[in-house]
Structures are given as structure tokens and as C-alpha cells.
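Report on the following structure.
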Amino acid sequence: MSQNFEDTILALSTGSLRAATALIRISGNSASSTANILGFKLPKQRIASVAVLKDGVRKLDEAVVLFFKGPRSYTGEDVVELHVHGGRTVIEAVINVLQRQDGFRVAEPGEFTKRAVLNGKMDLAKAEGINDLIHAETEAQRVQSFAQVDGALSEIAGDWREKAIKIAAHVEAYIDFPEEEIPENILIGMGDELGQLISDIEKGLDDGRRGEILREGLRIAVIGPPNAGKSSLVNWLSKRPISIISEQPGTTRDVLEVSLDLDGYPVIIADTAGLRESTDSIENEGIKRAQEWAKKANSRLILLEPSTEADFLERLKPNPEDDLVVLNKIDLAPTHLKKKEMISISLKDEIGLDKVLEGLKKIASGKMVGQEPAVITRTRHREALRSSLNSMKSAKEAVFLGEEPEIVAEELRAATRSLGRVFGAVDVENLLDIVFGDFCIGK
């Protein structure tokens, strides 16, 4: 993503659907010249004003205009906001006038927030939280995203980094000022402090990936033999005909995903091909994909029917903590098959389906709820923290083995760099294109 930050950028910051109003945001050194370009008087800072927008003598729209003088703005630059009427032609007319001016261009995705990070208005973790908040589809995702915007991860990672820097500073002092007669056992004391920091980070990482699962959605594979009712169950859960239903075995050939909101928790549930031996190459490919999706899933909903129940229980070996076992067609099931460890239902007669829903909600909450809110929400965060942890462990081992303090110091420097990458305190330029690649234009 190549960007010239000397340019003044503009974009529609509200949705593209027709609405009563729309927001066009302009940011950069020449943002205030928007007033001259569109023929209105620039209002006082942070005071809304009504203005007629014009292209020469041609009137474009009547808008509410706001001006934010940098650095007291979202991006840290001069920002002008045009609240225009939300019709497509109005928006296009205003943007077309602006983007043909020298030094003005349409913003890249996430460029407003990218400039905010570069100008010190927010750190990288908070910027990611804003993007997650924009894309949040459930209440639990909203709560987690806003916590990150509010600094949940930045505060914890920042505290760990400050402690690591303090330990590193003492080691550097021991190396650089030997004439000060710093006690030799100071490294042993630093080793104890480092051990406590290592324990704190390990505890933070040992969260079952709750934050990532909540952000991305809990992946549940519906698997089982053909004609057990998998497609019917997925259709019932999604309240719409996602999958084709047929009495003929092997109807489902591909993995069909549907997103659900279970009491605020995001779930991606997949209807998969029935597991069986087949001579049909297309069906076999569907079975292969079903098995691959199930391996990567967080949980499985194993749907059985009486004639194949025993064989598939042995074959799939359900995990009580991760999997939900459901026996369909209970009107055909002998009494001894209706076991406590599985939910008995009839999709045909809609019996017991509420228990399936409750079972799924229990699994979802178990995977995404802990005693403390999760603060690690992305793989990037986890990798940086693990890298830091490995460097700290190496430093502690070097202390224990009595190795040269320069080795300890280098490992601690690597640990602080890794911690800084969590919220962009170091190497921010290298991270920006990755972080902002999936942002919305206009944010």
C-alpha cells in the first residue's frame, strides 16, 4: 500500500446505501481549503455550521459543516467534515469536485486511522479495536472491541514492557558502570523479577484463544453419517433454507457455512457431506473437505441416527468439553440408545431442538467467556507476546547459567521490542500495511 502523506485525503465515511445524510471526511494540510473550493465560509473550530456547497456557481447541496484544527482531530491533522444529503448523486458530485483538486485524493482503506497512529493520536492495538468495532456483528464482539479501543490490551502489554525495560536497565547499568561497584548478585535479583514477569505473560497467553475465537467466530462443524438430518438441522438453526434437503444419501457435496448469533456470541456453523465410503469422486471430495473443516473447527456437532449410532461414536470419539452429540429420529430409536451423554431429538416432529440450541450456547460461552475478559484478540498479538516470552526465558536461563551479562541484556532488548510491537511502540512502519489492509475506506 503506497501512500503519500503530504496529500489531503477524502472519503465517504458512512455507508454506501441510500440514507438521509452522509458524511464526507477530508483530512490533511489543505483540508481547510475545502471551504474555498466549495464556496463556503470555514466555520469556527468544532462549531457546526450550515453551508451551501457549490462548484463555481452551480449549487451542489446544503450541508452541515464542521472544522477540526489539528492536532485536536481524529487524525491529528486539519479535518473538515461535510454532512451532506445521502443520495448517491449528491455524494458523487461533492467528491468529484474535491478529488480533481491538486493535492487531493480519495483515501486508501484505513488511511484516516493510519494517520492517527502515525501522528500519535492512538496506538496500534486501539486502531485494531476500532476496526473490530466497525465489523462487530454481535453484542459480545462489540463489548470486546470497545474494551480494546479503551486500552485493555495496550495497558497490560505496556505495563509488561515497562517492567521488562526496568529489568533491562539494571542489567545495562551493571555492564556500563562496573566502577560503581554494583553488587554482583544484582543479576540474581533481576532473575527473580524476570521470573514473575514470565509468569504474568504466560498467564495472559493461557486464555484458550478466547479473544481470537470471539473476534473471528466459533467454528462448529456439523458432521455425521448421510441422512442423519445435518442439513435439516442447519436450516432450522439458521431459520432459512441454507442446505438442500433430500432423502437421497450424499446430497450435500460441499461445506456450507452459516453465521449465527447465539446470545451475543458469534458462531459459524458448517453443514458437511455425510461420512461414508463412496465410489463417487465428487462425493469423496466433499467428504474430504468435511473432514478437513472439522479438523480445523473449534467444536463439532455430531449428529447421529439409530442405525449407525454405535459405529460413529467409536469412529468420531467425541470430546465432552468441545463436542455436542445429538441423536436424531428418536421415534425410531430403541430406549437403550437414548443416553444421558447425548441429546435426543426429532427434526421431523421438532422435538428436543431447544436442547440443541442450549447445548450450542453452552459450548460457545465456554469457549469465549472466562473469569477475566480476554485481551489478546489477534494472532499478531499472540505471536509478539510469545516472542517476548521466549526471549525472557532465554535471558533468565542465561542468568541461571552465569553467562555474560551482555547476553542477558541482548535477550531483554529483544523481549522489549516484541512487547512494543503489540501496540506499535516499535517497528510501527513495518506493521501498518498489515494492520490497515482490511480497514474500511473512510475510517
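The values are calculated or read from the model by the stated rules, or taken from the named source; none is laboratory data. Since the model is a prediction, treat every value here as computed from it, not as a measurement. Note that each Cβ is placed from the backbone with ideal geometry, even for glycine, and that neighbours are counted across all protein chains shown.
Descriptive notes on the structure:
- Matching residues, region 104-115, being modelled with pLDDT under 95 and out of contact with any Lys or Arg (no Cβ under 9 Å at 6 or more places or on another chain): Lys114
- The single condition among (1) under 30 Å from Ser307 (Cα atoms); (2) at pLDDT 90 or above; (3) among the polar types (S, T, N, Q) that Gln196 does not meet is (1).
- Remark: pairs (first residue in region 265-288, within 15 Å of Leu316 (Cα to Cα); second residue assigned to a strand (DSSP E or B) and among the β-branched types (Val, Ile, Thr); Cβ separation under 8 Å; 6+ apart in sequence or on different chains) = Thr272/Val222; Thr272/Ile223; Leu275/Ile223.
- Among the residues making up region 369-400, those that are of a type outside the set (D, E, K, R) and within 18 Å of Ile167 (Cα to Cα) are Leu385, Ser387, Ser388, Leu389, Asn390, Ser391, Met392, Ser394, Ala395, Ala398, Val399, Phe400.
- Count of residues meeting criterion [within 16 Å of the chain's Cα centre (by Cα), of a type in the set (D, E, K, R) and not in a loop (DSSP other than H, G, I, E, B)] in region 357-378: 1
Table: residues versus (1) in contact with a strand residue (DSSP E or B) (Cβ under 6 Å, 6 or more places away or on another chain); (2) among the aliphatic types (A, V, I, L, M); (3) under 24 Å from Asn119 (Cα atoms).
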position	(1), (2), (3)
Phe40	yes, no, no
Thr75	yes, no, yes
Glu81	yes, no, yes
Val94	yes, yes, no
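- Among strands (runs of 3 or more DSSP E) entirely within region 25-129, having at least 2 residues that are under 37 Å from the mean Cα position of the chain (by Cα) and touching a residue at least 40 places away in the same chain (Cβ under 8 Å) singles out 79-85, 104-106.
- Yes/no for Ser238 being assigned by TED's automatic domain parsing to the domain that holds Asp263, within 15 Å of Ile345 (Cβ to Cβ) and not β-branched (Val, Ile, Thr): no
- Phe104 vs. criteria of a type in the set (Phe, Trp, Tyr) and either crowded, with 21+ Cβ neighbours inside 10 Å or closer than 13 Å to Arg25 by Cα (or both): yes
- Thr75 being hydroxyl-bearing (Ser, Thr, Tyr) and surrounded by fewer than 16 Cβ atoms within 10 Å (Cβ to Cβ): no
- Residues in region 18-40 that are of a type in the set (S, T, N, Q) and crowded, with 23+ Cβ neighbours inside 10 Å: 2 in all.
- Residue count for region 71-107, restricted to those that are aliphatic (A, V, I, L, M) and touching a Phe, Trp or Tyr at 6+ places or on another chain (Cβ under 6 Å): 3.
- Candidates Val143, Val94, Val171, Val149, filtered to the one that is in the same structural domain as Ser33 (by TED's automatic domain parsing) and on the phi < 0 side of the Ramachandran plot: Val94
- Residues in region 291-350 that are modelled with pLDDT of 85 or more and polar (S, T, N, Q): Gln291, Asn298, Ser299, Asn319, Asn328, Ser344, Ser346.
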